[in-house]
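Peer 1: A single structure is presented below for examination.
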Amino acid sequence: MAPAGPACHTGERSCFYRGELDPAAPHEALPALERTIAERASAAGAGVAPQGSYTAELLADPERTGAKVREEAEEVDRAAREESDQRVAEEAADVVYHLAVLLRGRGLSLADAERVLDGRRER
């Protein structure tokens, strides 16, 4: 039976994690995404962002990042009305990515949004 979430206090799949595991469990995608965004942000801050890094470009231009979140949200809306479930999932992934970059640019993370959602939950 697969665990419902991370088994280790570090957020990894197990306490014996030493690198990428294949296949990745679904709950590992967002933490991996945020780690990649953080790496791009750190590299950009040190002046060594990977050439051609879209993430680094977005982090350097908060206005563009906000526009991309709006654009991708509109694309999810259109896909939900006119396209397949696969396209909806693909567009939703684009929104999540751009939102994660926007949050990182503000010094926030998806966990901050999760805490707000948790606070709104009826007990």
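Bear in mind that the values in this text are calculations on the coordinates, not laboratory data. Note that the coordinates shown come from a computational prediction; the quantities given were computed from them, not determined experimentally. Positions of Cβ are generated from backbone atoms using ideal geometry, with glycine treated the same way; all protein chains shown enter the neighbour counts.
Peer 1: At a threshold of 8 angstrom on Cα-Cα distance, excluding pairs fewer than six apart, so keeping six or more, what relative contact order does segment 28-116 reach in percent?
Peer 2: Details: 62 pairs, mean separation 25.0, N = 89.
Dividing the mean separation by the residue count of segment 28-116 yields 28 percent.
Peer 1: I've got another one for you. Less than 12 Å Cβ to Cβ from R64, Lys/Arg counted +1 and Asp/Glu -1: what total charge do the surrounding residues give?
Peer 2: Charge balance near R64 sits at -2.
Peer 1: Show me, for segment 81-90, the HN-Hα J-couplings you get by feeding each phi into the Karplus relation (A = 6.51, B = -1.76, C = 1.60, θ = phi - 60°), rounded to Hz, glycine and proline as x.
Peer 2: 7, 10, 10, 6, 4, 4, 5, 4, 4, 5
Peer 1: How much length is gained if the chain between D85 and A67 is pulled fully straight, taking 0.36 nm per residue apart and subtracting their Cα-Cα distance, in nm to one decimal?
Peer 2: Details: separation 18, 0.36 × 18 = 6.48 nm, distance 2.43 nm.
Fully extending the segment from D85 to A67 adds 4.1 nm.
Peer 1: Short version: ³J(HN,Hα) in whole Hz for each residue of segment 72-80, in order, from phi by Karplus 6.51 cos²θ - 1.76 cosθ + 1.60 (θ = phi - 60°), x for Gly and Pro, what are they?
Peer 2: The phi angles translate into 5, 5, 5, 5, 5, 4, 4, 4, 5 Hz.
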